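Laboratory data are not the source of any read-out in this text; all were calculated from the coordinates shown. Please read all numbers here as calculations on a predicted model, not as lab measurements. Glycine gets a Cβ as well: all are built from the backbone with ideal geometry, and neighbour counts include every protein chain shown.
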Amino acid sequence: MFIYIALALFFQPFIKIALGRTIWNIVDAITGIGLVISLFFKRENSK
């Protein structure tokens, strides 16, 4: 849950983070892949 909150704050334009287009594309791709992978894994202590 904390990761999703951190990502929401990171991608919201409250504070402008000046990265190049290429770096943002890489960050977007890694984040997307990570979120899709997280859908398939269940935490050990969740019911």
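Here the spin labels are modelled as points 7 Å beyond Cα on the Cα-Cβ line, and at A29 and K16 they lie 2.6 nm apart. Taking the C-alpha atoms only, the angle from helix 21-40 to the longest principal axis of the chain is near 10 degrees.
Treating r as the C-beta distance of K42 and I5 and R0 as 25 Å, the FRET efficiency rounds to 0.85.
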